[in-house]
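All remarks here apply to the structure that follows.
The values are calculated or read from the model by the stated rules, or taken from the named source; none is laboratory data. Note that this is a predicted model, so its numbers are computed, not measured. Here the Cβ positions follow ideal geometry from the backbone for every residue, glycine too, while neighbour counts run over all protein chains shown. Just the protein is used for accessible areas: all its heavy atoms, side chains included, with ligands, DNA and RNA removed. Shrake-Rupley method; radii C 1.70, N 1.55, O 1.52, S 1.80 Å.
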Amino acid sequence: MKKWLPLIVIVVLVFIGYRMVVGFNNTAVKLQENVEEAWGNVETSYQRRNDLIGNLVNTVKGAADFEKSTLTAVVEARAKATSMNIDPSKITPAQLAEFNKVQGGLSGALKSLLVTVERYPDLKANQSFLKLQDELASTENQILTARTRFNEGAKVYNTHIKTFPNTIFAGWFGFEDKPYFSAVEGADKPVEVKF
């Protein structure tokens, strides 16, 4: 029995090592899929907002003799926002920052539009406009929720791949940390609207 003991110990150690590596990899893959799903939800929320903005602009345009520059800014910001695509499996901090910047520009233009609309009492009473305004407010809340869930998923994933000994396995299998959403530059200041 003593001659088999070293072989049994080696087999047990190899089995434990195998289970650790497989366990790490499977958990990392699941967590990475959760982050990618959360990113898809972020994009879906932003797409919903982009779709609503087209309707809002057309409603405002039809109901008011409106400042052309404000509408143009919203339309241009929307075009920039819809033209940017990111592969969630290869998302980098720079890509996320650029995405955040473009979406922040759209948010600012949209806020300017909604504040400027206050000058048009007929438009404020228009049921279609009020419905769109409610939908946009709801969509902004969905965007906030989606971004928060993305950050939560990224945190769980990043924690998993950065803890020891998982950090070793992450290097072997090519798992890299995911960036977080942060506020766009200037988000702490109110939107300035000039009439």
Fill in the blank from the handout: Result for the chain: accessible area per residue, probe 1.4 angstrom, in square angstrom, of 62
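Arranged from highest to lowest average of other beta-carbon atoms within 10 Å per residue, in what order do the peptides 103-114, 81-92, 47-58 appear?
Per-residue Cβ counts within 10 Å, averaged per peptide and sorted highest first, yield 103-114, 47-58, 81-92.
List every DSSP H helix in the chain whose Cα atoms extend 27 Å or more along the helix's own long axis and whose mean Kyte-Doolittle hydropathy is at least -1.0. Show your work: numbers first, answer last.
On the way: long enough: 5-63 (87 Å, 0.33); 93-116 (34 Å, 0.36); 127-162 (52 Å, -0.71).
Result, helices passing both filters: 5-63, 93-116, 127-162.
Tell me, what % of the accessible area of segment 122-179 is carbon and sulfur with a 1.4 angstrom probe? Walk me through the intermediate numbers first.
Working: 1830 of 3430 Å².
The computed percentage sits at 53.
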Handout entry: Percent accessible area from carbon and sulfur atoms, segment 1-119, protein chains only, probe 1.4 Å
Key = 60
Practice task
Once you've got the Cα coordinates, tell me which of 111/131; 30/162; 101/155; 111/155; 90/155 are over 26 Å apart.
Solution key: 111/155
Exercise for the section: Springs between alpha-carbon atoms under 10 Å, Gaussian network over the chain: tell me which of 14, 60, 29 tops the mean-square fluctuations. Expected result: 14
Completion exercise
Taking only the alpha-carbon positions of the chain as identical scatterers, the Debye log10 I(q)/I(0) at q = 0.12, 0.15 Å⁻¹ comes out as -0.69, -0.92
Fill in the blank from the handout: With Cα springs under 10 Å, the Gaussian network model of the chain assigns the largest mean-square fluctuation among 74, 11, 115 to 11
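Could you please report the charge total around residue 160, scoring K, R as +1 and D, E as -1 over all other residues with beta-carbon less than 12 angstrom from its beta-carbon? Write down the numbers at each step before the final one.
Values: positive: 30, 155, 162, 178; negative: 177.
Result for the neighbourhood of residue 160: +3.
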